[in-house]
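Participant: I have a structure I would like to understand better, so I am pasting it below and will then ask my questions one at a time.
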Amino acid sequence: MAEELSKAYNAAEVENKIYKRWEDSGFFNPDNLPGERTRVFSVALPPPNATGTLHLGHALEYSLQDAVVRYHRMKGEKVLWVPGTDHAAIATNTKVEKILIKEEGKNRHDIGREAFVKKVEDFVAASRSTMQKQIRQIGASLDWSREAFTFDEPRNLGVRTAFKRMYDAGLIYRGFRIINWDPKGQTTVSDDEVQHKPEKGMLYTFKYSADFPIEIATTRPETKVGDTAVAVHPDDKRYQQYIGKDFNVEFAGKKLHIKIIADDSIDSEFGTGAVGVTPAHSIIDAEMAQRHNLPMVQVINEYARMTDQAGPLVAGQKVKEARETIVKWLNDNNLLTKKDSIDINISVADRSGGIIEPLPKLQWFVSVNKEFSIKQSSINGVASGTTTTLKDIMRKSVENGQIKIMPEREEKKYFNWINNLRDWNISRQLWYGHRVPVWYLITHELGSLSAQQAGVSEENTYCGIEAPKGEGWVQDEDTLDTWFSSALWTFSTLGWPDKNAPDLKTYHPTSFMNPGYEILFFWVARMILMSGFLLGEIPFKTVYLHGMLRDAKGHKFSKSLDNGVNPLDIINQYGADALRMSMIVGIGPGNDANFDTNKVKAYKHFGNKVWNIARFVLMNVPETEPSDKAEFTKEDSVLIDELKKFTEEITGDMDNYRLYLASEKIYHYVWHTFADKIIEESKPKLVSESLAVKASAQRMLLEILTVSLKLLHPFMPFITEEIYSKLPIPDKQLLMVEKWPE
């Protein structure tokens, strides 16, 4: 008899032992893989934020990626899966400051930049260590020898190099623009970091003064003390007689100069069809102001309070308080003609929860529409030596089919986002993160000015990979948007900016990328942008966007609902294999799914079934592999032929990333075909008086078990590796590097 398995499978006992065996083998590193491997398959792990512990979304992501990676490794390819973590500047700043306030009653400004950054670094180091252990528990077969961190020195060099090259090409500039300001986090945030929460609001209809000829409507009357114009549609006959005229009015105790302008962007059907233009507190209004050469008056400051320019009636008040004050003034002066309850969207900072205030600020931007000459390009439609734009690179890389986005519906969202893309605000008023690599030569006392405010001329501004030599140079105080550094991830982890780095030449462009659909714009698009500009090539070939995991009732996991589930608790109870299968079976690309522990429990039962199948087979085959001389009976030969056809079908699914189908088919084959049918029908053969029938059945059972374990390995790697190690097969390797069945 072959080696007997224990009566029950104990995941807790097996999984750590198996993972250590994998790591000790060195096969996570493609340089150590056995055999001649000419075809390359590479993946960069979407780096988790170093802000604590893993959540179920990570378990979903790593289960999918590991299944893909293990499949290609078994296909005989040279597979590299690079691990790493993201310093996640805004997330870690926010998290550590919350901890600081809770534990010490202080904010970052109370303890100073140096002390605060040290606290963040200590927190990040502990978080990274925790997550590394957790990722191993999921079974991810990452090449830990190549682990990266978005804030380590090699990546820091990459960030500085990228910034300088884009700056020198005129694609990075500093400008005074309307940005999304987070008063709670005290930093700018990009458009993609703003959430829009539906709320009930009021639409107020009023006149600035009794003799003003036009009524306007707004949901934010407190900003109207900063109006410099009223805009109407040029075809709106109600207002054509006023277009081009100027009016001086006294509004809420402040004198306003209002010009009536005509603009095609105005919706004549909304409100009164006339809109007060506030250039300092609306991105749309600021663009309108540029078209019509309007002045900008800032009436709200960085703390969401009214400035002195807002006038004595509301100066110093919080925004909501000022709204009430203005509405009362309008009522008292019989200027408020109408109030309507309407549905509005409140803009909220994704990380801090602060209500966004559009404010005019001097910030750093990446220009997406500026033309530049691309020296070398392998992107179809963007030829070497021609001029292009970053927006064109992002569009054509997907449009031409070089990058495939799954599911296909996400491509439409991608193109729509690009068509409406504004310049990317990349500077943040945070203390932890990559500092903007720009220095200012200060030859006088700054007074109340910051270094970047003082350094406004080209003569005393220096952008470089290293700090300038000499006295008087002060570095820009802002840090870069965390997505700037993570946008370099596919190639900064492979040795760039050294263009001759062996890994860069071998593994880039990467083969596969598997983030959640919610960061298609945050990250995927920006990786395409950076790789296109800096390398002249795509960063990856296939983007498989996974959906969001929700709780059993379909609710999003959140602290307020207290419905969070720790994946490690699930692993400790049911095993990593069961969790992995529950994350993959039946969940197509881009589809949200409800997490239910009953599904995990079901796949634990499946694992036990696989174990029992293996026990039965091993108890009924010789200690050595059944001889090839044992010819299959006609009946058994049919079963082997059916297995080959089934394997071809699974291979097709795996090649086309239909993991949700492949895993389910394997489950049904193993349980319902192999266990329920083939094994049951083999029992009489195994006790047959005919040695030929018995030998055929033994060989057939062992072959089907072996192939089934190989097909199942990408999804349930621990139990399959453990069982495979017990099979009576000569010249056996670890299952993770055995040949995929044909």
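Participant: Looking at the range 319-405, what strands (runs of 3 or more DSSP E) fall wholly within it and have at least 3 residues that are closer than 28 Å to residue 438 by Cα and touching a Ser or Thr at 6+ places or on another chain (Cβ under 7 Å)? Don't jump to the end; show me each part of the working.
Facilitator: Details: elements: 336-349, 357-366, 372-374, 386-388.
So the answer is 357-366, 372-374.
Participant: Also: Quick check, is residue 665 farther than 16 Å from residue 741 by Cβ and at pLDDT 95 or above?
Facilitator: Values: farther than 16 Å from residue 741 by Cβ: no; at pLDDT 95 or above: yes.
No.
Participant: Restrict the check to the range 659-669 and report whether at least one residue is part of a helix (DSSP H, G or I), over 18 Å from residue 618 (Cα atoms) and charged (D, E, K, R).
Facilitator: Applying the first criterion (part of a helix (DSSP H, G or I)) to the range 659-669 yields 659-669.
Narrowing the set further to residues that are over 18 Å from residue 618 (Cα atoms) leaves 659-669.
Filter once more, so that each one left must be charged (D, E, K, R): 664-665.
Yes, the range 659-669 has at least one match.
Participant: Report every pair of residues separated by at least 6 positions or lying on different chains whose Cβ atoms are under 7 Å apart, first residue within the range 314-339 and in the same structural domain as residue 299 (by TED's automatic domain parsing), second among the hydroxyl-bearing types (Ser, Thr, Tyr) and in a helix (DSSP H, G or I).
Facilitator: Hits for this filter: 314/325; 317/325.
Here's the yes/no breakdown for (1) under 38 Å from the mean Cα position of the chain (by Cα); (2) buried (at least 17 other Cβ atoms within 10 Å of the Cβ); (3) at pLDDT below 95; (4) closer than 30 Å to residue 49 by Cα:
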position: 318; (1), (2), (3), (4): yes, no, no, no
position: 332; (1), (2), (3), (4): no, no, no, no
position: 342; (1), (2), (3), (4): yes, no, yes, no
position: 345; (1), (2), (3), (4): yes, no, yes, yes
position: 365; (1), (2), (3), (4): yes, yes, no, yes
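Participant: Okay, moving on. Being part of a loop (DSSP other than H, G, I, E, B) and surrounded by 21 or more Cβ atoms within 10 Å (Cβ to Cβ) is the filter here, so list the residues in the range 108-142 that pass it. Spell out the reasoning first.
Facilitator: Filtering the range 108-142 down to residues part of a loop (DSSP other than H, G, I, E, B) leaves 112, 139-142.
Scanning the range 108-142 gives 139, 140, 141, 142.
Participant: Residues of the range 68-89 being surrounded by 24 or more Cβ atoms within 10 Å (Cβ to Cβ), touching a Leu at 6+ places or on another chain (Cβ under 7 Å) and of a type in the set (Gly, Ala, Ser), which ones?
Facilitator: 89
Participant: OK, next. Residues to consider are 36, 23, 15, 4; find the one that is closer than 30 Å to residue 615 by Cβ, surrounded by fewer than 13 Cβ atoms within 10 Å (Cβ to Cβ) and either touching a Leu at 6+ places or on another chain (Cβ under 6 Å) or not hydroxyl-bearing (Ser, Thr, Tyr) (or both). Spell out the reasoning first.
Facilitator: Details: 36 fails: closer than 30 Å to residue 615 by Cβ; 23 fails: surrounded by fewer than 13 Cβ atoms within 10 Å (Cβ to Cβ); 15 fails: surrounded by fewer than 13 Cβ atoms within 10 Å (Cβ to Cβ).
After applying the criteria, what remains is 4.
Participant: Right, something else. In this structure, does residue 4 turn out to be part of a loop (DSSP other than H, G, I, E, B), at pLDDT below 95 and of a type in the set (Asp, Glu)?
Facilitator: Numbers: part of a loop (DSSP other than H, G, I, E, B): yes; at pLDDT below 95: yes; of a type in the set (Asp, Glu): yes.
For residue 4, the condition - part of a loop (DSSP other than H, G, I, E, B), at pLDDT below 95 and of a type in the set (Asp, Glu) - is met.
One line per residue, one yes/no per condition, for (1) at pLDDT 95 or above; (2) more than 26 Å from residue 593 (Cβ to Cβ):
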residue	(1), (2)
32	yes, yes
41	yes, yes
45	yes, no
49	no, no
53	no, no
63	yes, no
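Participant: Would you check which residues across the range 69-92 are in a loop (DSSP other than H, G, I, E, B) and farther than 19 Å from residue 23 by Cβ and list them?
Facilitator: Step one: list which residues in the range 69-92 are in a loop (DSSP other than H, G, I, E, B), which gives 75-77, 83, 87-88.
Those that are in a loop (DSSP other than H, G, I, E, B) and farther than 19 Å from residue 23 by Cβ: 75, 76, 77, 87, 88.
Participant: Taking the range 1-43 as the region of interest, how many residues are under 14 Å from residue 69 (Cβ atoms) and among the polar types (S, T, N, Q)?
Facilitator: Number of matching residues: 2.
Participant: Could I ask something else about it? Just to be sure before I move on: is residue 599 under 40 Å from the mean Cα position of the chain (by Cα), surrounded by 18 or more Cβ atoms within 10 Å (Cβ to Cβ) and either without any contact (Cβ under 8 Å) to a residue 40 or more places away in the chain or not assigned by TED's automatic domain parsing to the domain that holds residue 704 (or both) in the structure I sent? First the steps, then the outcome.
Facilitator: On the way: under 40 Å from the mean Cα position of the chain (by Cα): yes; surrounded by 18 or more Cβ atoms within 10 Å (Cβ to Cβ): yes; either without any contact (Cβ under 8 Å) to a residue 40 or more places away in the chain or not assigned by TED's automatic domain parsing to the domain that holds residue 704 (or both): yes.
When the stated conditions are applied, residue 599 passes them.
The values are calculated or read from the model by the stated rules, or taken from the named source; none is laboratory data. Note that the structure is a prediction, hence the values are computed from the model and not measured. Note that we place each Cβ from the backbone using ideal geometry, even for glycine, and neighbour counts take in every protein chain shown.
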